[in-house]
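Comments concern the structure below.
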Amino acid sequence: MLPGPLFDYQFRVIIIGDTMVGKSSLVRYFVEGSADTACEATVGVDFFARLVQLPDGSRIKLTLWDTAGHEKFRSITRSYYRNAVAALIVFDVTNRDSFSSVSAWLKEARLNMTCPDPGLLLVGQKADMSGQRTVSLDEASGLAEQLGLAYIETSAISGHNVEACFRSLAERVYCLLMAGRYAGMSPAWDGVRVGRGVNSSASAAAVRLTANGTEETEGGSGCCS
């Protein structure tokens, strides 16, 4: 049997936000390349994965944990924060209540994610439904700035910014990794793992993850400072 696609690093990402804001549709479009108009509310947690290649040639495997937004599943999904290195906080631009929940989701992520300086991105989904918006671009961008987050709007129907959303998050985490922000994490932590392929840029990385999951710092690049 041939080996699977090679990758340099694996990043574990959790997707959070209120129920029915389009989290699953967003992930499925990114992984499968098409819209899922019959998507139903997630029960518990669904798992997806896809490779992306960064501008420097590094190959990143994103493992995506799509969580249920309903309160009754919160105790289940909360356990997935610990091993995540990044989170997409998703709301629906046509649902003001989901926008009002953003701060609470961010607080929960920061409380339960164990790594220092996790990669976080605020995502306004359903941007194709411009006639039904209840949250303006300026308002969402303003909240993101207030919370110290980057903001992007996406559509899992048209595909608008879906690729850019996940790539920008991968680049952010990679930058933090190269800057040594995850040095000293426990070997049991699964947020970042070395993959099965090492290209020239990854082998010369400022931070190298060893086989047991710890990190050796060789001088940060400063790209995230």
Fill in the blank from the handout: Among (1) more than 21 Å from residue 157 (Cα to Cα); (2) at pLDDT 95 or above, residue 50 falls short only on (1)
Practice task
Of the numbered conditions (1) modelled with pLDDT under 90; (2) crowded, with 16+ Cβ neighbours inside 10 Å, residue 22 fails exactly one; give the number of that condition.
Solution key: (1)
Practice task
Select from region 103-155 the residues that are in a helix (DSSP H, G or I), under 19 Å from residue 80 (Cβ atoms) and of a type in the set (A, V, I, L, M, F, W, C) and list them in ascending order.
Solution key: 104, 105, 106, 109, 111
Practice task
Test each condition in (1) surrounded by 15 or more Cβ atoms within 10 Å (Cβ to Cβ); (2) part of a loop (DSSP other than H, G, I, E, B); (3) at negative phi for residue 159 and report the one that comes out false.
Solution key: (3)
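The values are calculated or read from the model by the stated rules, or taken from the named source; none is laboratory data. Here the structure is a predicted model, which is why all the values come from computation and not from measurement. Ideal geometry is used to build each Cβ from the backbone, glycine not excepted, and the neighbour counts take in all protein chains shown.
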